[in-house]
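Inspection log for the structure reproduced underneath, given as structure tokens.
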There are 2 protein chains.
Amino acid sequence: MAIIESIPNVSEGRRPDVVERFADVIRKTSGVRLLDYSSDASHNRSVFTLVGDYEPLKLATLALFKEAAAAIDLRTHTGEHPRLGAVDVVPFVPIEGATMEDCVRLAKDAGAAVASQFGIPVFLYEEASANPLRKNLEDIRRGEFEGLAAKMSSKDWAPDFGPGQPHPSAGASVIGARMPLIAYNINLNTDRVEVAKKIAAAIRHSSGGLRYVKAMGIKLEDRNLAQVSMNLTNYQKTPIFRIFEIVKREAERYGVSVLESEIVGLVPSAALIDAAGFYLQLERFGSEQVLENKLRGS
Amino acid sequence: MAIIESIPNVSEGRRPDVVERFADVIRKTSGVRLLDYSSDASHNRSVFTLVGDYEPLKLATLALFKEAAAAIDLRTHTGEHPRLGAVDVVPFVPIEGATMEDCVRLAKDAGAAVASQFGIPVFLYEEASANPLRKNLEDIRRGEFEGLAAKMSSKDWAPDFGPGQPHPSAGASVIGARMPLIAYNINLNTDRVEVAKKIAAAIRHSSGGLRYVKAMGIKLEDRNLAQVSMNLTNYQKTPIFRIFEIVKREAERYGVSVLESEIVGLVPSAALIDAAGFYLQLERFGSEQVLENKLRGS
């Protein structure tokens, strides 16, 4: 059985009874496990984390769209977080026994079904999008629900599936496939935030650094430490150990050492096993040698 | 559900039909999965690898003893490998959701049942043994089946369970609990085997090194390389990264560098994740942050 993760972001975070109904339709989908969900009232948004195989996830996605489209009206929705639809974003993430190609296929399959069943336009993003201008979620969402009708009148913004204008109350949705994100921070043995900012600029993709790194330098006021705070968007292609070693070397340039690093939230075991392999100079090693993989026959 | 591994070693490796019957009684035990088994004719011995929860493993162990005691007669058994019983050794190894204490309890529980159901004396070993003179398998097995009756006549060698003399045809058995073994080698950028031998002597427990390391220096003739070949008997207390770093430092002393390292066979993911944590200086990290653990609710 393949394990795919899906993390739908829904534009409702103030009515707990409504959020609970969304959680319920996910829970009731056979073959799907709801791992976690949380709401933010100021964002007026909830995030669900579910896992399952291809078909069950598709069914859970459609069930969630049905419930959310009935309960949410973007015309009266307010909140700090940018959004353009009732079910705003749905990424599919390959975890185990599934490839990125499987997740791209699932995004297209679910996107087509959402468009045809609910009349909601769907934009594909990240790995599911073939259009380089429409890979980034931020680009697709720019203008938000309020600017969507005007945006979609340009031929650059015809949706991948569904009608050429927004659904009156449910807006549009962004569905795609991506690698698991890793939130990774490196704390420096200094209180000089400018050192962290320079290192962040050196390491992040947007200013010339590694391709799958987003980074910023911040000050941890409570500990009086500078931190390079990062999001790693593809740990296979830009591995953690390379980032760590570059940050360590850049810090030396300023007479600063690395105090520690930290992973916030979840990390796939493979990301850490890759790091062990690098430092231990492991050769002839395969994931089938990891006992847990053998036990589960994967 | 807990996952415990058991690796019974049985004194039969020349009659494939008999070995197949042993495999069958394991396979037929509900809740147990037979991962692997192999026979060595010159050793006249077979090794089975099975996993399951506490009770199913106990039942599989008893079923195997029943079949093996009926099929094997130590009085006519020959083979290169030292042995003192039909089912010679049974280690229980904690893998997931089970502690070493669980495995010690299982070893005692299964040992008592073997003794009472089949009249076979049982010696506890490794973590299951409270007697420091009877922890090592080699010490217990010294003298083999042929010397067992004389050995057991000493009060130092009264068994932990069962009669004070060997079972006439099935001998005695050694049952215990231990950590998973890791077979780990470090290849040096040199053909000087004496460098590998000196490093092995520095790192291994028996000559003053790390507690849970067995090591020897050998020459890989086909690659013309010296190798430090090791068995790691407790990766939690003597972690891989510490061994690697010490070997690297000792090699420097001889002007030699580490070419690569290798893991032979299986390794628990935690052993590699610990190494990643060391090199990445990870703080505030727990195994519950590993995605796969979260997925399986362990």
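Taking segment A:5-50 as the search range and keeping residues that are farther than 23 Å from A:D73 by Cα and aliphatic (A, V, I, L, M), which one is modelled with the lowest pLDDT?
So, considering only residues that are farther than 23 Å from A:D73 by Cα and aliphatic (A, V, I, L, M), the one modelled with the lowest pLDDT is A:L35.
Report those helices (runs of 4 or more DSSP H) wholly inside segment B:89-156 carrying at least 1 residues which are within 22 Å of B:T61 (Cα to Cα).
Output list reads B:100-118, B:137-141.
Mind listing whichever residues of segment A:51-66 are open to solvent by 50 Å² or more (accessible area, probe 1.4 Å) and either under 21 Å from A:D17 (Cα atoms) or among the aliphatic types (A, V, I, L, M) (or both)? Steps first, answer last, please.
Quick first cut of segment A:51-66, residues open to solvent by 50 Å² or more (accessible area, probe 1.4 Å) only: A:55, A:59, A:66.
Scanning segment A:51-66 gives A:L59, A:K66.
Only one of A:V256, A:V264, A:V247, A:V228 is more than 7 Å from chain B (Cβ to nearest Cβ), open to solvent by 30 Å² or more (accessible area, probe 1.4 Å) and either touching a Lys or Arg at 6+ places or on another chain (Cβ under 9 Å) or under 25 Å from B:L272 (Cβ atoms) (or both); which?
Numbers: A:V256 fails: open to solvent by 30 Å² or more (accessible area, probe 1.4 Å); A:V247 fails: open to solvent by 30 Å² or more (accessible area, probe 1.4 Å); A:V228 fails: open to solvent by 30 Å² or more (accessible area, probe 1.4 Å).
Of the residues listed, the single one that is more than 7 Å from chain B (Cβ to nearest Cβ), open to solvent by 30 Å² or more (accessible area, probe 1.4 Å) and either touching a Lys or Arg at 6+ places or on another chain (Cβ under 9 Å) or under 25 Å from B:L272 (Cβ atoms) (or both) is A:V264.
Please go through segment A:273-294 and give me each residue that is in a helix (DSSP H, G or I), within 7 Å of another protein chain (Cβ to nearest Cβ) and in contact with a Ser or Thr (Cβ under 8 Å, 6 or more places away or on another chain), ordered by number.
As a first pass, look at segment A:273-294 and keep what is in a helix (DSSP H, G or I): A:273-279, A:287-289, A:291-294.
Still in the running and within 7 Å of another protein chain (Cβ to nearest Cβ): A:273, A:275-276, A:279, A:289, A:291-292, A:294.
Result: A:I273, A:L291, A:E292.
What is the one condition in (1) surrounded by fewer than 18 Cβ atoms within 10 Å (Cβ to Cβ); (2) more than 30 Å from B:S287 (Cα to Cα) that B:M1 does not satisfy?
(2)
Out of curiosity, is B:K58 closer than 26 Å to B:G265 by Cβ and not aliphatic (A, V, I, L, M)? Give the derivation first.
Working: closer than 26 Å to B:G265 by Cβ: yes; not aliphatic (A, V, I, L, M): yes.
Answer is yes for this residue.
Mind listing whichever residues of segment B:10-50 are in contact with a strand residue (DSSP E or B) (Cβ under 9 Å, 6 or more places away or on another chain), open to solvent by less than 30 Å² (accessible area, probe 1.4 Å) and closer than 17 Å to B:V89 by Cβ?
Scanning segment B:10-50 gives B:V10, B:S11, B:E12, B:G13, B:V19, B:F22, B:I26, B:R45, B:S46, B:F48, B:T49, B:L50.
For segment A:166-219, how many residues are free of Cβ contacts under 8 Å to residues at least 12 places away in the same chain and in contact with a Lys or Arg (Cβ under 8 Å, 6 or more places away or on another chain)?
Residues that pass the stated criteria total 2.
The values are calculated or read from the model by the stated rules, or taken from the named source; none is laboratory data. Remember, predicted model here, so these are calculated numbers, not experimental data. Note: ideal-geometry Cβ built from the backbone for every residue, glycine included; neighbour counts use all protein chains shown. Calculation scope for accessible area: heavy atoms of the full protein, side chains included, ligands and nucleic acids excluded. Shrake-Rupley method; radii C 1.70, N 1.55, O 1.52, S 1.80 Å.
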